Structures are given as structure tokens and as C-alpha cells.
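Each remark here refers to the structure printed beneath this line.
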Amino acid sequence: MRTAMTYGLFPLWFTAALLAAFYLYAGGVDATWIVVGIGVSTGAIVAMAERIHPAHVAWNQSHGDVGTDAIHVAVSQAAIPTLMESLITTMVLHLSLSATDWLGVAIWPQSWPLVFQLALALVSAQFFEYWLHRLCHTHPFLWRFHATHHCAERLYFLNAGRFHPVDTALSVTLSFGTLMFMGAPDIVMLLMACWITVHGLFQHCNVHLRLGPLNWIFSMAELHRWHHSLVLEEANSNYGNNILFWDIVFGTVYWPKDKNASPNIGISDMPHFPQTWWAQVCSPFQWEAIERNRPSH
């Protein structure tokens with residue numbers, strides 16, 4: 001049972017979720033409800049798996065963070081993407097039509113098999129997300145917003161939504177804005193949204209997972225836990241949010257075979273980073289005060 005969960009839970013559920021999304025959409029179900037349904041069901045399954053087969057028992061103990069993370073999910077994973085989609089759709093579609101007219105041919109390869117279209121969507125959209133994520137770790141101003149995600153003291157499924165609204169807005173604009181500009185069809189956008197939803201919940205889960213060779217495709221929990229390390233050299237790696245492709249291309253994969261990531265995570269020089277939702281939203285604009293609370297060495 002536990003071995004099956006370790007190696008099979010993610011790939012089986014991931015495949016089932018994408019197939020369900022495809023057939024539900026073909027049957028006329030609204031895309032929004034498909035994503036919501038898959039997100040809720042995935043969250044429920046992961047939450048149960050965390051209790052049955054945790055990676056670290058200590059991570060199942062609440063740090064008073066559930067309420068904060070629940071608000072982050074509602075704002076950064078539901079409200080902000082919906083708002084950004086509404087704001088950028090008209091402008092980006094206009095640019096896409098203009099580019100198509102100028103080129104004399106549609107940008108998106110509509111005739112490709114759907115699986116190849118999805119692969120193209122991931123590789124192209126994740127290129128920009130990869131570099132945004134990497135810059136968030138190296139550019140001090142961007143780090144102010146991204147630090148909210150890394151201040152978590154444990155990893156569990158709700159951490160998938162712990163992002164500052166500005167961080168989310170930038171990421172959504174780059175990823176889905178890219179696909180809208182390229183003219184990706186609705187079914188590709190839907191499958192991409194489902195991929196991100198399922199992958200994100202598993203990526204941050206407290207379930208003992210081992211994917212073996214699949215880790216070279218998915219930027220899954222086994223690798224992502226290193227990205228949350230207190231050790232800077234370990235944390236500045238594995239930037240891919242949903243695929244590992246660009247980490248491989250740019251040499252930022254960190255996956256030691258002789259040890260596992262430590263359960264001690266967070267921001268080493270900011271142990272007093274605010275832990276309430278509103279304080280985290282305000283944190284980039286109160287950065288000097290947070291820095292003054294750094295421990296002396």
C-alpha cells in the first residue's frame with residue numbers, strides 16, 4: 001500500500017485528472033468548474049495521503065499557518081488569476097491577431113496532436129516563468145515579494161497557494177499571457193491549468209513520493225524540497241514550477257542521490273518573517289523593518 005502510494009499516487013492521479021479534464025470539456029462542462037473540481041478533489045486526496053504516508057511526521061503538525069495559507073489559496077490561486085486573465089485577454093489577443101496578420105500565418109500549430117500542443121505550451125510558457133522565478137531569488141526587489149512563499153516552516157499541500165499577490169500576478173501574466181499571444185486553443189489552456197493545479201498540490205505535499213526517472217520531467221516534491229532549503233546553495237536551484245526542462249537546459253538542477261532534503265526549511269536569515277496573511281501582503285513595503293529583526297551573527 002505505502003510502496004504503491006510512493007511510486008504510483010502522483011503519476012496515476014495526474015494522468016486521470018488530465019484525461020477527466022479532456023473528456024469533461026468535450027462533454028460541454030465549463031472549464032472553470034473542471035479546474036475547480038480537479039483542484040478540490042486533488043487537494044482532498046493529497047490531504048488524506050499526508051496523514052497516511054507523510055514524508056515528515058512533524059510537517060503534519062500545524063504551525064498556525066492553515067488559515068494564512070487558505071487565504072493565500074483563495075486570493076493568489078483563485079481571485080488573482082481570474083482577474084489577470086480578464087485584464088490581459090483583450091490586449092494580448094489584439095497583439096496576437098496583429099502578429100498573425102504581420103506574419104501571414106497563425107503562430108500556434110493547431111494541426112499538431114494535442115499532446116504535442118500541450119508540450120509546446122509547457123515549454124514556452126515555463127521558459128518565462130523559470131526566469132521570473134530565478135530572478136526572484138537573485139534580484140533584491142523581486143525577492144521581497146517571493147519571500148512570502150519561502151517563509152513557510154513546513155511543506156504541505158496548501159503551501160501551493162502561499163504566494164504574494166504581486167508574485168502571482170507576474171507569473172500568470174507571463175505564462176498564460178504567452179499562450180494567449182501564441183493563440184493556444186481553449187483545450188490547451190484548460191489542460192495547462194489542470195497540470196499546474198495538480199502538480200502544484202503534489203509539489204508541495206507532505207507525502208513520501210519517489211518518481212524515479214519522472215523527476216526529469218516533473219519538478220516534483222522530491223526535487224522541490226531542496227528549493228525550500230535553509231542552505232542558499234541548495235535553495236537556488238530547481239526553479240521550474242511545473243517542469244524541470246529549463247533547469248536542465250540552464251544547469252540549475254540540484255538532486256543529490258546520497259541524501260534527502262532536510263525537513264528544516266524557510267528563510268535562514270529571517271526567522272521572524274511575518275506569518276499572517278495581511279502582514280505577508282504588506283511585507284515588501286515594510287522590508288526595512290523586517291530586516292532589522294534579523295538575528296545578529
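Computed from backbone phi, the HN-Hα couplings of the stretch 6-23 come to 4, 9, x, 4, 5, x, 5, 5, 4, 4, 4, 5, 5, 5, 4, 4, 4, 6 Hz, rounded to whole numbers (Karplus: 6.51 cos²θ - 1.76 cosθ + 1.60, θ = phi - 60°; Gly and Pro given as x). Result for the chain in a Gaussian network model with C-alpha springs under 10 Å: among 135, 191, 122, the largest mean-square fluctuation is at 135. Element breakdown for the stretch 188-297 at a 1.4 angstrom probe: carbon and sulfur atoms account for 60% of the accessible area. The listed residues 111, 262, 237 rank as 111, 262, 237 when sorted by accessible area, largest first, using a 1.4 Å probe.
Express the relative contact order of the stretch 149-225 as a whole percentage, based on alpha carbon pairs under 8 Å and six or more residues apart in sequence.
Working: 47 pairs, mean separation 29.4, N = 77.
It rounds to 38 percent for the stretch 149-225.
Once the Cβ-Cβ distance of residue 119 and residue 40 is raised to the sixth power relative to R0 = 30 Å, the FRET efficiency obtained is 0.65. With θ taken as phi - 60° and the Karplus curve 6.51 cos²θ - 1.76 cosθ + 1.60 applied, the whole-hertz 3J(HN,Hα) list for the stretch 135-151 is 5, 4, 8, 10, 9, x, 5, 5, 4, 4, 7, 6, 4, 3, 5, 8, 7 Hz, x standing for glycine and proline. Packing around the peptides 68-76, 211-219, taken as the average count of other Cβ atoms within 10 Å per residue, puts them in this order, highest first: 68-76, 211-219. Legend: residues 131, 108, 246, sorted from most to least accessible area (1.4 Å probe; ligands, DNA and RNA excluded), read 131, 246, 108. Computed from point charges on the beta carbon alone (+1 for Lys and Arg, -1 for Asp and Glu), the dipole magnitude for the chain about its Cα centre is near 520 Debye.
On a per residue basis, the stretch 165-297 carries 42 Å² of accessible surface, using protein heavy atoms and a 1.4 Å probe.
The values are calculated or read from the model by the stated rules, or taken from the named source; none is laboratory data. Owing to the predicted nature of the structure, the values given are computational and were not obtained by experimental measurement. Glycine also receives a Cβ, built like all others from the backbone with ideal geometry; neighbour counts cover every protein chain displayed. SASA here: full protein model, heavy atoms, side chains in, ligands and nucleic acids out. Shrake-Rupley method; radii C 1.70, N 1.55, O 1.52, S 1.80 Å.
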